[in-house]
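Enquirer: Quick one: structure below, then a few questions.
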Amino acid sequence: MPVTNRLRPWVAVAAALGAALTLTSPAARADEPAPAPTSNWTKDTTVDTITAGVTRTTWHEKVLADGTSPENRAKPRILQIVEIDPTAGALTLESTIGTSGGSAEKVIDQLTEVSDTPARRPYAGVNGGLFQPEPAGAGAADTAAHSSVSATDGVLHSSSCWNDGKGSTGAVIQYGTPYITKLLTYLELTGPSGETVRFDDFNRTPGRPPHCARDDEDTRVSTKPSVYTDPDEIVVFTDDYGLPVPKPGTDPNIAATADPGFEVVVDAHGVVTKVREGRGGTIVPAGGRIIQGIGTGAQWLRDRLAVDDRVTIGQRLRDVTLARDIPLDDSVDVVSSFHQLLRDGSIPDELRNTCSEPRTGKDGTTPICIDSRTALGTNVYGRTVLVTLSGETVPPDSTGKYTQTNEDGAYLRDFATLLNDPALNLRIIDAINLDGGGSTTLVTRPTTGLTVNTPPTDRVNGEYVHRKVADSVYAGVGSYGMYAK
Amino acid sequence: MTDFRFDLRRGALITAVLALLCSVFYVLPANAEPTDYADCPAATLCLYSGPDGTGVRQDFTDRQNLEGYEPAWDGKILSAKNNTALWACVYGDPAYGGVLQTVKPGNPDAYAPGAVRSHKLVPTRARCFTGYERCPDNRVCTFTEPNGRGAMTVHLPKTDPVTQNYGNSYGTGPMPKSVWNHTQKHVCFYPEPTFSGGWTDKADSKRYGAYVVLRGNSITVPEPFVTSLRSHELVDGTAACQ
C-alpha cells in the first residue's frame, strides 16, 4: 500500500540553498585535486581482443635499472585480466571438470575437451577451486578431490565446508555471471521406507575429507596437507567421476580409510542394482550413482538398501548469506575457494594476508610471497573478469621443455589490494580467490589453438610443468552459424 | 503583441525559477536536508514519488521484482532507499530494459522523471545487467534487448502444421536480441517465419543456413543473425537443422 510522506518543503529548500551556498563559497572550495595515484604497474598499450566481447589486458610490473622489480623481487610480475562482455557476443560463462570428475587435468586439456570442434572451444579460461589428490592407490597423483563445494550443470561434485554451519565461499555461475557468497550443502539419502540419513560428500574417499570439515563430526588430523577424518561416513559418486571408485586404504595415515565398508550401485532411475560388502574398483553406471559407506554409514546402507529398492539422493545448495536455497538446475555451476577478495568494491575486513610459502626478497631480509594468484570476479560494467597474477612467462627450450621458471605472486590481501588499486582503476566490484601457486593458469584462444599465458611452476623430473587441476572456469562459445547444406 | 511579450517574459521567469528549484532538488539531493528516509522499513526497497524520500512511498520486499508499474506510478519515482541486503536495479524501460541504475544495499538514490519504469533486487550488482533469470525451465525464451533484458517471450513449442517443424514462428513479432535456450534440446533459428532462409557472413561471404544455440546456453545474438530471427525449431542433434 502507498504511504504518503509529510512534505517538508521549507526545510528542504533552506537546506538545499544552504548547501548550494556552502558549495559555492570560496571558503568551502574543494581542495586541490589529490595527486594521481602512482603505480609500479604499466598497462600494455595493446589489448588482446580474443573475440567480440572477450579481451585480455596485461599489466607489467615496473623494471628497475638492474632488471629487478621495485617490490623486492628479482624479476617483475605480470597481471593479466580477461574481461568478458556478454552483451558484445554470444558468450557463455561456465565451469568444467574435464572428462573425469575424479581426475586432475591441465586447464588447457579441460578446455580442449569442451568441444571436439576447435572453433567451439572456449575463448579463455582459468583454473578453478582448491583440491587435493587422493594420497594413495593406482594413479593417485592425478586424482582430484575438491576442497569445497563444486558443481557443473547443477550436479554437485563436492560438498561445502561446514565451518560451524556458516559454510564456505563459492562463486555460483549462472546467467553468465559469477555470484560470490557463502554456500552450504545439505545432502540426504532417503531409503525405500522413507527413512533418511545425511550423507557427507561426493566423489572422494570416505573417512578423509580434504582441506576442511564437512560437518561437526570431522576432526583434523594434519595441517600440511589439511586433512580431516570421520570414521562414520557415506559418500556418493556421480557418473562423471570417471575412475573406479576408491578401494579401502587410500590414505595409510588415516585409519578410517581402511574400513572395508559397504557399497551400493544405483541406476539412472534411482533403483538399487547391486549391494555388496566391501567397496572400490567399480565404475559408476551412466546416469547412476555409487554409494560407499564406512562405520555407521556402512551399517545404514547395509540395513536399509537391497537390490530393486529405490533410493533418493537429495542435494540442496544453500546461500547462507541470503538464507535462500539456490535451485540446482542445469544452469548452475559452482567453483569454490575460501576467500572473497573484493565485496561490493571493498576488501573484506576478514581477508588475511596469508601466503603458503613466504620467501626472502632480493634485499635478503624482507619476506615476499611468490604464490601465484587466480581470481574470478565482476566489474562495474557487469562484465566477468578472469585474473591471474604470476611471474612473466619463460619460453621453453628448443625441445619444448620448460627448464626455467619465474614463479611469483603475492600475499593474499596484497593481491586484493592490487585488484582494488586506484592507480590501476580496474573497477572490479566483487572477486573470489581461486586456487593459486602452481595451479594458476590462464589459457586463451587467440585465433585457432589454445595457448597458455602463465608460466609452469611445478617441477617434475627436472622439467617445469603446468599443474593438473580439478576444474576450470571459462568463457565459451554460446552459439554459432551453421553452414547451409 | 505587448501582452504576449510580457507573458513570455513572465513565463520565462517562472520557468527559470522552477528550473533553479528543480536543479537544487535534483543536482544536490545529498546536500538538501532529506527526510533521511527514516520511514523506510528494514529489509525493504522504498520508492518515493518525491525527491529525497518525500511524497508517496511504495514498499517492496527483497522478493518483489516488478517488470512494470501501474500507470499512476510508472515513471513517477524520483527517489529510492534500498534498505535490503541486496542490490537494487532500476531500469528506464519496463521489463528490465533501457538505462540501468543501481543502488547499493543501504543507500538512497535520486532519479529524473521517467527514469524508473521497472526494478528488481539481486544478490550481486552484476546481475542487474541481465534478465535471463525470468525464463522458466524447459522453455526457449527470447528478449528484445541484449543479455536477457527487455521484453521476454516465453515460447511454448508446437509442431507447425505446414512444415512439421517443432518450434515457433514469430511472423512479424519482435525479433530477439538475446536468447536463453533453457531446454534439453538444441535450437536452430531461421530468418524466415517458415523455418527456412539463410544469412551471408559479410566477413567471408559464407552462407549460413541456421543459427544454433546449444542446449542450456543463454547468449546475446551476434551479427549477422541479430534482428533477423523469425522462427526456431528444437532438435536433438544439430544435424537436424534446416
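The values are calculated or read from the model by the stated rules, or taken from the named source; none is laboratory data. None of the values given here were measured: they were computed from a predicted structure. When we count neighbours, we look across all protein chains shown, and the Cβ atoms used for this are built from the backbone with ideal geometry, even at glycine.
Enquirer: Which residues, counting only those in the range A:470-485, are outside any strand (DSSP E or B) and modelled with pLDDT of 95 or more? Give the steps one after another, and end with the answer.
Expert: Of all residues in the range A:470-485, those outside any strand (DSSP E or B) come to A:470-471, A:478, A:484-485.
Once the filter is applied, which keeps residues that are outside any strand (DSSP E or B) and modelled with pLDDT of 95 or more, the range A:470-485 yields A:Ala470, A:Asp471.
Enquirer: Of all residues in the range A:148-181, how many are at positive phi and facing chain B (nearest Cβ under 9 Å)? Before the answer, list the steps.
Expert: Step one: filter the range A:148-181 for residues at positive phi, giving A:153-154, A:163-165, A:167, A:175-176.
Narrowing the set further to residues that are facing chain B (nearest Cβ under 9 Å) leaves A:153, A:175-176.
Within the range A:148-181, residues that are at positive phi and facing chain B (nearest Cβ under 9 Å) number 3.
Enquirer: State all residues of the range A:446-469 that are in a strand (DSSP E or B) and more than 21 Å from the chain's Cα centre (by Cα); if no residue qualifies, say none. Walk me through how you get there before you give the answer.
Expert: Step one: list which residues in the range A:446-469 are in a strand (DSSP E or B), which gives A:451-452, A:458-460, A:463-465, A:468-469.
Matches in the range A:446-469: A:Arg459, A:Val460, A:Glu463, A:Tyr464.
Enquirer: Considering only strands (runs of 3 or more DSSP E) fully contained in the range B:183-242, which possess at least 2 residues that are among the hydroxyl-bearing types (Ser, Thr, Tyr) and farther than 15 Å from B:Tyr166 by Cα? Break it down stepwise before answering.
Expert: Details: elements: B:186-190, B:207-213, B:218-220, B:231-235.
Here the list reads B:207-213, B:218-220.
Enquirer: Condition (residue is among the basic types (Lys, Arg), under 28 Å from B:Thr220 (Cβ atoms) and buried (at least 17 other Cβ atoms within 10 Å of the Cβ)) applied to the range B:126-136: is it met by at least one residue? Outline the logic, then answer.
Expert: If we filter the range B:126-136 for residues that are among the basic types (Lys, Arg), which is where we start, we get B:127, B:134.
Filter once more, so that each one left must be under 28 Å from B:Thr220 (Cβ atoms): B:127, B:134.
Pick out the ones that are also buried (at least 17 other Cβ atoms within 10 Å of the Cβ) and you get B:127, B:134.
Looking for residues that are among the basic types (Lys, Arg), under 28 Å from B:Thr220 (Cβ atoms) and buried (at least 17 other Cβ atoms within 10 Å of the Cβ), one finds at least one in the range B:126-136, hence yes.
Enquirer: Ok, one more. Take A:Gly53 and decide whether it is in contact with a strand residue (DSSP E or B) (Cβ under 9 Å, 6 or more places away or on another chain) and at pLDDT 95 or above. Spell out how you get there, then give the answer.
Expert: Working: in contact with a strand residue (DSSP E or B) (Cβ under 9 Å, 6 or more places away or on another chain): yes; at pLDDT 95 or above: yes.
In short, yes.
Enquirer: Just one of (1) away from chain B (no Cβ under 14 Å); (2) in a strand (DSSP E or B) trips up A:Val307, so point out which.
Expert: Looking at each condition in turn, A:Val307 falls short on (2).
Enquirer: Within the range B:148-168, is even one residue within 8 Å of chain A (Cβ to nearest Cβ) and touching a residue at least 12 places away in the same chain (Cβ under 8 Å)?
Expert: So in the range B:148-168, the residues within 8 Å of chain A (Cβ to nearest Cβ) come out as B:148.
Subsequent filtering for residues that are touching a residue at least 12 places away in the same chain (Cβ under 8 Å) retains B:148.
Within the range B:148-168, one or more residues are within 8 Å of chain A (Cβ to nearest Cβ) and touching a residue at least 12 places away in the same chain (Cβ under 8 Å).
Enquirer: Using the structure shown, decide if B:Leu214 is more than 12 Å from every other protein chain (Cβ to nearest Cβ), over 15 Å from A:Ala484 (Cβ atoms), more than 21 Å from the chain's Cα centre (by Cα) and among the hydrophobic types (A, V, I, L, M, F, W, C). Outline the logic, then answer.
Expert: On the way: more than 12 Å from every other protein chain (Cβ to nearest Cβ): no; over 15 Å from A:Ala484 (Cβ atoms): yes; more than 21 Å from the chain's Cα centre (by Cα): yes; among the hydrophobic types (A, V, I, L, M, F, W, C): yes.
Here the answer is no, as B:Leu214 does not meet what is asked.
Enquirer: Name the strands (runs of 3 or more DSSP E) wholly inside the range A:42-104 in which the number of residues that are over 30 Å from A:Tyr241 (Cβ atoms) is 2 or more.
Expert: Values: elements: A:48-51, A:54-61, A:77-84, A:91-96.
Passing ranges, in order: A:48-51, A:54-61, A:77-84.
Enquirer: Tally up the residues in the range A:122-148 that are at pLDDT below 95 and either more than 16 Å from the chain's Cα centre (by Cα) or surrounded by fewer than 24 Cβ atoms within 10 Å (Cβ to Cβ) (or both), please.
Expert: Adding up the residues that qualify gives 12.
Enquirer: For B:Gln164, are the conditions met, namely being within 16 Å of B:Ser231 (Cβ to Cβ) and at pLDDT below 95? So that I can check it myself, show each step before the final result.
Expert: Values: within 16 Å of B:Ser231 (Cβ to Cβ): yes; at pLDDT below 95: yes.
Judged against the criteria, B:Gln164 is a match.
Enquirer: Looking at the range A:358-378, which of the residues that are closer than 30 Å to A:Tyr179 by Cβ and in contact with a helix residue (DSSP H, G or I) (Cβ under 9 Å, 6 or more places away or on another chain) is surrounded by the most Cβ atoms within 10 Å (Cβ to Cβ)? Spell out the reasoning first.
Expert: Pass one, the range A:358-378, residues closer than 30 Å to A:Tyr179 by Cβ: A:369, A:371-378.
Narrowing the set further to residues that are in contact with a helix residue (DSSP H, G or I) (Cβ under 9 Å, 6 or more places away or on another chain) leaves A:369, A:371-375, A:377-378.
Details: A:Cys369: 22, A:Asp371: 25, A:Ser372: 27, A:Arg373: 28, A:Thr374: 30, A:Ala375: 27, A:Gly377: 26, A:Thr378: 26.
Result: A:Thr374.
Enquirer: Follow-up. In the range A:42-88, which residues are more than 25 Å from A:Asn433 (Cβ to Cβ) and either hydroxyl-bearing (Ser, Thr, Tyr) or touching a Cys at 6+ places or on another chain (Cβ under 8 Å) (or both)?
Expert: A:Thr45, A:Thr46, A:Thr49, A:Thr51, A:Thr68, A:Thr87
Enquirer: Moving on. In this structure, is A:Asp458 without any contact (Cβ under 8 Å) to a residue 40 or more places away in the chain, touching a helix residue (DSSP H, G or I) at 6+ places or on another chain (Cβ under 7 Å) and either buried (at least 22 other Cβ atoms within 10 Å of the Cβ) or of a type in the set (D, E, K, R) (or both)?
Expert: Numbers: without any contact (Cβ under 8 Å) to a residue 40 or more places away in the chain: yes; touching a helix residue (DSSP H, G or I) at 6+ places or on another chain (Cβ under 7 Å): yes; either buried (at least 22 other Cβ atoms within 10 Å of the Cβ) or of a type in the set (D, E, K, R) (or both): yes.
Here the answer is yes, as A:Asp458 does meet what is asked.
Enquirer: Sticking with this one: In the range A:421-445, what residues are within 20 Å of the chain's Cα centre (by Cα) and away from chain B (no Cβ under 14 Å)?
Expert: Taking the range A:421-445 as the starting set, the residues that turn out to be within 20 Å of the chain's Cα centre (by Cα) are A:428-444.
Across the range A:421-445, the qualifying residues are A:Asn433, A:Leu434, A:Asp435, A:Gly436, A:Gly437, A:Gly438, A:Ser439, A:Thr440, A:Thr441, A:Leu442, A:Val443, A:Thr444.
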